[in-house]
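Trainee: The structure that follows is given in the form of structure tokens.
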Amino acid sequence: MQDTVLIVGAGPAGLSAASTVTASGYKAVVVEKEEILGGAPIISGYAKLVPSGEWAKDAIGRMVSRVEEDSGVTIHKGAKVESLDGEVGSFTAKLSNGETVTAGAIVLATGFTHFDSINKPEWGFGTFEDVLTTTQMEQMVSTGKIACPSDGRVPERVAILLCVGSRDRQIGREWCSKICCTVSANLAMEIKEISPETDVFIYYMDIRTFGLYEDKFYWKSQEEFKTKFVKARIAEVTASPDGRLLVKGEDTLVKRPIIIPFDIVVHAIGMDPNEDNPEIAKVFGIGLEKHGFIERAEHYTNTCGTTRRGIYSCGAAYGPETIDDSISQGAAAASRAVADLNALVQKAS
Amino acid sequence: MAIHEKSLIEPDRLQTTESLVVDGVDVSGSWNTMITPRYLRDYDDDFEKTIQKYGGGENVHRCWQCGSCTNSCTMYAQNVQFNPRYWIYLTRLGLKDEIVKDKDIIWQCVSCNKCTNICPKDVRPEGVMKALAHWMEDQGITEKSPSSHFDETFWEEIYHTGRIEDAAVMMGFFKRTNQPLVQEWLVLFGQRMMKYLPVSQLLKMGLNFIVTPRTKSWGKTGEVLKAYVEEQKEAAHG
Amino acid sequence: MNSKDPKANNETQGVAGHGSFFQQTDLSREEAVKATDWVRKHVDRRTVDLGDRMDDVREHMYELEKDGEIIIHRITDEHEPQTVKTLFGWEKKIPTKQLWHHKSCGQCGNIPGYPTSLMWFMNEFGYVPGKDYLDETDQTSCTAWNYHGSGIGNVESLAAVFLRNFHQAYVSGKQHGHELGHFFPLVHCGTSFGNYKEIRKYLIESAELREKVKKILGKLGRLVDGKLVIPEEIVHYSEWVHVMRNRIASELQKIDVSNIRTTTHVACHYYKMVHEDAVYDPEVLGGNRTAIITSIAQALGAQTIDYSTWYDCCGFGFRHIISEREFTRSFTMDRKIRVAREEANADVMLANDTGCVTTMDKNQWIGRAHDQNFSIPIMADVQFAALACGADPFKIVQLQWHASPCEDLVEKMGISWSQAKKNFQEYLKEVENGNIEYLYNPELAYGGQA
Amino acid sequence: MATYAEMQQIYDDIRGDFRYDSELNGCLNCGICTATCPAAHFYDYSPREIVQLLWTENVEQIYDAMQEKIWACAQCMTCAARCPFKNSPGGLVAIMREVAIKHEMQSAKDVLRPFGRVMLKLITTGNQLSPDMIQPDHFPDWGPNIQKVEGDLSVLRKAIPVKTLQTVETAWEVSLKTSVEMYTIWEMTGVMKSLELMDENLFDVIEDFIDEKREEYEEWLEEQEDED
């Protein structure tokens, strides 16, 4: 068992971890609760990824096939870890499919859950058909056609509302979801590309297209695709009798309330802790930080650690994370796991 | 009944009928006062494109509202209402009514170009203000500015003669702007010219002023040029 | 994953979210509607785990009680409570019986059909005055109208008034032969409801405030075992109407109102102040807006029409409606009356607070001074329900106090306004002669027996 | 015009309120409060601006805002329900109003003068509105149809089938004992003092009224004892 790493979750982080484990000459067992691999980008049908611009099904698809074709990886789909015994070097996990996995170390790549906009009802999701989330809009982009779900008309105007389910103490979500600004700018460009007659407005309180995302997404969406950024956090979305949506805010630069008609309103939904985290914490005996994400161990010398020895984590399980960084962290966590096992072998000999 | 917060309401949003009886009830004055709301109801999606077609407005869409232009502005230091960043924002969203409220100050831009120099995204705010000023003139929102009058006199002269005769342009400008043709400084200027310039030169100038010579074989060039400029303008602004 | 996979488009919930998979729409309306069925599909996940991050004040209250600091006036089985869900999926008990009517100064002074319709309903359900409900003179208003209007008053005074009134509710049963806590307060006013909840929160959070008001309540003899009495829930009358709506419709309704187009205006102080306590029901407005008012209109079978300014306040403004009426009338015309008229073409606007009814009812007439000739009947949900259940438009529903055109609505419901008015005018003669019909024996209000 | 020290004192009094810290957690200028503010739709008033002034401790402009702007707020509290920081701009305004009164600001006196009738009614009766306050003379703008049945107000009130509501000078009948208890609350919580600062005449009228009621109550108590 000291040659095996158990990886829970097969999103970008988990897939990256699995490949890193086998590349180091160890075996990986991947447990994924869904019937397919790929995690959020595949299951939610993301369109083009940030920042590569590759379609999710191609880019993450490559990661999936690399793992599926890897003889060093055993995959359990549609399964969860139900209980865990042992300690570093000799963990035994019982799976919901009846199988038992023994492994020397564990990587939790359990990711996140998209914020459910239904919890912010005044923004109209679930009330009006033309109020969508970014994931739904990405799915629409994937179909190659931009149309109002209510009646199929081509929208003249689309509003993207940032910070839906992020930075909002009213609903207990104090964190910034990090990537929505960039994703929204990207989405604005994709919409304009498919539907040049559609104008896209992004309502923001700050723009956080950090690092190299600045010019590639923020500037580009504005300069090349004429996306308009309006400094207003939206208060309420209602509908006017002609079926258009009315977006109510204060344009804080004009210092006036605004009530502006739109055809589609998109919620840039944030990243919640995986809704299974309480269960995951219990099964694996690890701690959660105060927002409900997996608690990170002291980071400087115990990189990718959790509160339990031999169990590591990575990616969005720790908190909102980009796909690229999740992939890197998956590799890092796998390295930590392998290093652990290596140390045990060294110690024994 | 007094509206205490009256100073918080722009006067043109107060509706009051001084003397009014409705259904037999006297509701004169403040009893019938209503206030019209101040919220913004829509954007004019085409306005940004309109301004981009004016010289100087091309890059208005690049603005991200950092405020460097306003911070560096010579006029802003004099008058905080003079706010290029704000006008650029209004232009982008097509909030025309708000821009028009500042019609009497936008033209005060002194073209120092500090804003254009400092702008991190090459918006060229100075150009945007010019574009806005011209748009307002075209719409009849503002009177033509003196500089526009000068510009037009200047070009009329060129179309007509293919060259510039300073005195004629100046007189034309004075006429258009209803200024007296004889001005104190001009008289002084003339006296000094007479004192220092050779007589032949003075005679030539006097003659040119009276007959306004044209460039050789100018012919219909002026008309063609004028037609072309009109055409270009038409194409740009519709 | 193939996004066109039919299985993916219905029940499955991806790890990555509320798995509503988008399908390509078609230009035809029918197909578009079909493709977006998932939007209309009921989603009930408003039970987010908020952990310790969202405070439920009731938890702290129970702790204080355990520490012997306060006494909680509890809702017991005797109150025959019904459990409803609030904004975050939290539960709230609404007592349906043994209620102490905490009246509203604005209602009673201005729209008396409000409390009378409510008590009329209780009678119709066979409630026994003095046992199942009590209306008495030992109560003051919450005093928050003045506080919000002028700033005269302060948290201490509001807290003392709150505790004084609710102490009386707690002990009121005694002189009618019941236990302490027999009657549970039912708050008629939206502002009282919001204000009391806010004050309760301050009281629970601040030991200093508790100390200060304890002195006052002690002086008034309004402590029980030396402790403050705080109710387990603050309950609004419209919540009682909400939980009774199906019984009202099935047992008492006499008039078909399916041809009536209703719009709803819920008081800001009902669902925006201490908003986690407002009632939400997945069956009403998809659980996306508070269920109050809409739920009773729905239960009665009336049409409920949405309009774009649903969330807007009425324009009441406390001081404004008295001395800044230019604002009040302008706001209510622009954001409420015009919209309900033009957009929704509503037959009636239903509300659940005095201030809102007064504002929208009284301020529409003046619109005609400036070409805003919009009008629409305004009344409380409970008044509309009483009409639908056959209550007299004058004697019980007291529509004579309204300025808006209630005549039109009453006629549309198939009730003869002119006949009812004639009857009432005859009844007024009886009243002058001292022959007054009462909903309960008046002596009860003064400590007498039923 | 107040001195800087006075303005600073006013700000300190606002900040010193025990609610202050829970009603102001920070502000990112998102504008959601002003978006939903009814006053902002008609007045040049912005809860965001009020919060910003407090957050940035701008004592001079806080003082300015207290002259006029804070009175525009309609106290609907929509701002508090929406703010992602869980601030309560409306609650902060309420604190500022209390402080304006405490400091006897002339603007507060001017604003509140027409509201005196409500204060009088409230403090003396425990009701805030009574049928006799809503007479057509006071409200021509409410139109001729202010009530749909002609008749003497007291008779119309008697036609309400609940005895406690058959009153004209109060919305409902409040027992003498209850009123007297309430006066004690006013005195012990400093409400009477605030009133005195605001409007001395009104204060005198109310004091007389309260004394009278108390006497009445004492007499009633004696009668009760005699009966026993």
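The values are calculated or read from the model by the stated rules, or taken from the named source; none is laboratory data. In this text, all values refer to a predicted model and were calculated from it rather than measured experimentally. Positions of Cβ are generated from backbone atoms using ideal geometry, with glycine treated the same way; all protein chains shown enter the neighbour counts.
Trainee: Going through region C:415-428 one residue at a time, which ones are free of Cβ contacts under 8 Å to residues at least 12 places away in the same chain and facing chain D (nearest Cβ under 9 Å)?
Mentor: Listed by number, the residues that qualify are C:Q425, C:L428.
Trainee: Moving to a separate point now. Taking C:F374, is it closer than 23 Å to C:T304 by Cα, within 14 Å of chain B (Cβ to nearest Cβ) and either at pLDDT 95 or above or surrounded by fewer than 23 Cβ atoms within 10 Å (Cβ to Cβ) (or both)?
Mentor: yes
Trainee: Against the condition in a loop (DSSP other than H, G, I, E, B), outside the structural domain of C:A278 (by TED's automatic domain parsing) and under 16 Å from the mean Cα position of the chain (by Cα), how does C:T96 come out, does it pass?
Mentor: Yes; evaluated as a whole, the condition is true for this residue.
Trainee: Still on this structure: For region A:228-303, please list each of the strands (runs of 3 or more DSSP E) lying entirely inside it that holds at least 2 residues being free of Cβ contacts under 8 Å to residues at least 24 places away in the same chain and either among the charged types (D, E, K, R) or within 14 Å of chain D (Cβ to nearest Cβ) (or both).
Mentor: Those strands (runs of 3 or more DSSP E) span A:245-251, A:256-262.
Trainee: Can you name every residue in region C:332-371 that is among the small types (G, A, S), in contact (Cβ under 8 Å) with a residue 12 or more places away in the chain and within 13 Å of chain D (Cβ to nearest Cβ)?
Mentor: Listed by number, the residues that qualify are C:G355, C:G367.
Trainee: Moving to a separate point now. Please go through (1) on the phi < 0 side of the Ramachandran plot; (2) surrounded by fewer than 22 Cβ atoms within 10 Å (Cβ to Cβ); (3) touching a residue at least 12 places away in the same chain (Cβ under 8 Å) for D:A74 and return the number of the only condition it doesn't satisfy.
Mentor: Every condition holds for D:A74 apart from (2).
Trainee: If B:T74 satisfies every condition in (1) in a loop (DSSP other than H, G, I, E, B); (2) of a type outside the set (F, W, Y); (3) surrounded by 14 or more Cβ atoms within 10 Å (Cβ to Cβ); (4) within 14 Å of chain C (Cβ to nearest Cβ) but one, which is the exception?
Mentor: Among (1) in a loop (DSSP other than H, G, I, E, B); (2) of a type outside the set (F, W, Y); (3) surrounded by 14 or more Cβ atoms within 10 Å (Cβ to Cβ); (4) within 14 Å of chain C (Cβ to nearest Cβ), the lone unmet condition for B:T74 is (4).
Trainee: Condition first: within 11 Å of another protein chain (Cβ to nearest Cβ) and part of a loop (DSSP other than H, G, I, E, B). Now tell me which residues in region C:119-147 satisfy that.
Mentor: C:D135, C:E136, C:T137, C:D138, C:Q139, C:T140, C:S141, C:C142, C:T143
Trainee: Is at least one residue of region C:310-331 modelled with pLDDT under 95, within 14 Å of chain D (Cβ to nearest Cβ), more than 22 Å from C:G106 (Cβ to Cβ) and not in a loop (DSSP other than H, G, I, E, B)?
Mentor: No: zero hits.
Trainee: Going through region C:196-230 one residue at a time, which ones are surrounded by fewer than 24 Cβ atoms within 10 Å (Cβ to Cβ) and not in a helix (DSSP H, G or I)?
Mentor: C:S206, C:L220, C:G221, C:R222, C:L223, C:V224, C:D225, C:G226, C:K227, C:L228, C:V229
Trainee: Of everything in region C:271-291, what is touching a residue at least 40 places away in the same chain (Cβ under 8 Å), under 20 Å from A:F128 (Cα atoms) and more than 14 Å from chain D (Cβ to nearest Cβ)? Give them in sequence order.
Mentor: Matches in region C:271-291: C:D281, C:P282, C:G286, C:G287, C:A291.
Trainee: Looking at A:F201, A:F210, A:F225, which is the one that is under 28 Å from A:Y46 (Cβ atoms) and either touching a residue at least 40 places away in the same chain (Cβ under 8 Å) or in a helix (DSSP H, G or I) (or both)?
Mentor: A:F201
Trainee: Which residue, of B:R41, B:R62, is basic (K, R) and either in contact with a Gly (Cβ under 8 Å, 6 or more places away or on another chain) or crowded, with 16+ Cβ neighbours inside 10 Å (or both)?
Mentor: The unique qualifying residue is B:R62.
Trainee: Can I ask one more? Please work out if C:E411 is among the acidic types (D, E), within 9 Å of another protein chain (Cβ to nearest Cβ) and in contact with a helix residue (DSSP H, G or I) (Cβ under 6 Å, 6 or more places away or on another chain).
Mentor: The answer is no for C:E411.
Trainee: Counting only residues that are over 31 Å from the mean Cα position of the chain (by Cα) and charged (D, E, K, R), which one in region C:213-229 is nearest to C:E69 (Cα to Cα)?
Mentor: Restricting to residues being over 31 Å from the mean Cα position of the chain (by Cα) and charged (D, E, K, R), the top hit is C:D225.
Trainee: Does C:G113 meet the test of being among the small types (G, A, S) and modelled with pLDDT under 95?
Mentor: The answer is no for C:G113.
Trainee: So, B:Y86, is that one free of Cβ contacts under 8 Å to residues at least 24 places away in the same chain, of a type in the set (F, W, Y), closer than 30 Å to B:N113 by Cα and crowded, with 19+ Cβ neighbours inside 10 Å or not?
Mentor: Yes; evaluated as a whole, the condition is true for this residue.
Trainee: Moving to a separate point now. Go through region D:22-59 and report how many residues are at negative phi and either within 11 Å of another protein chain (Cβ to nearest Cβ) or in contact with a His (Cβ under 6 Å, 6 or more places away or on another chain) (or both).
Mentor: 25
Trainee: If you scan region D:1-46, which residues turn out to be touching a strand residue (DSSP E or B) at 6+ places or on another chain (Cβ under 9 Å), assigned to a helix (DSSP H, G or I) and within 20 Å of B:S7 (Cβ to Cβ)?
Mentor: D:T34, D:A40, D:H41
Trainee: Separate question: How many residues does region A:100-119 contain that are more than 15 Å from A:D168 (Cβ to Cβ), within 12 Å of chain C (Cβ to nearest Cβ) and of a type in the set (S, T, Y)?
Mentor: So the answer is 2.
Trainee: Only one of C:C406, C:C389 is within 29 Å of C:Y270 (Cα to Cα), surrounded by fewer than 24 Cβ atoms within 10 Å (Cβ to Cβ), in contact with a Leu (Cβ under 8 Å, 6 or more places away or on another chain) and not assigned by TED's automatic domain parsing to the domain that holds C:T143. Can you tell me which?
Mentor: C:C389
Trainee: For C:T264, state whether it is buried (at least 19 other Cβ atoms within 10 Å of the Cβ), β-branched (V, I, T) and either within 30 Å of C:N123 (Cβ to Cβ) or touching a His at 6+ places or on another chain (Cβ under 6 Å) (or both).
Mentor: yes
Trainee: If you scan region B:9-61, which residues turn out to be under 30 Å from the mean Cα position of the chain (by Cα) and at the interface with another protein chain (Cβ under 7 Å from one of its Cβ atoms)?
Mentor: Once the filter is applied, which keeps residues that are under 30 Å from the mean Cα position of the chain (by Cα) and at the interface with another protein chain (Cβ under 7 Å from one of its Cβ atoms), region B:9-61 yields B:I9, B:P37, B:R38, B:Y39, B:L40, B:R41, B:D42, B:Y43, B:D45, B:H61.
Trainee: For a quick check of your reading of the model, give me the residue pairs whose first member lies in region C:148-161 and is under 13 Å from D:Y183 (Cα atoms) and facing chain D (nearest Cβ under 7 Å), whose second is among the hydroxyl-bearing types (S, T, Y) and assigned to a helix (DSSP H, G or I), with beta-carbon atoms closer than 9 Å and at least 6 apart or on different chains.
Mentor: From residues that are under 13 Å from D:Y183 (Cα atoms) and facing chain D (nearest Cβ under 7 Å), the pairs are C:G153/C:Y147; C:G153/D:S194; C:S157/C:Y147; C:A160/D:T184.
Trainee: Mind telling me which of the residues D:K163, D:K86 ends up being assigned by TED's automatic domain parsing to the domain that holds D:V191 and more than 23 Å from the chain's Cα centre (by Cα)?
Mentor: Sole residue among the options that is assigned by TED's automatic domain parsing to the domain that holds D:V191 and more than 23 Å from the chain's Cα centre (by Cα): D:K163.
Trainee: Out of (1) under 24 Å from the mean Cα position of the chain (by Cα); (2) acidic (D, E); (3) facing chain C (nearest Cβ under 8 Å), what's the single condition that is false for A:D151?
Mentor: Failing condition for A:D151: (1).
Trainee: Continuing with the same structure: Would you pick out the residues in region B:151-195 that are exposed (fewer than 12 other Cβ atoms within 10 Å of the Cβ), among the acidic types (D, E) and modelled with pLDDT of 85 or more?
Mentor: Passing the criteria: only B:E184.
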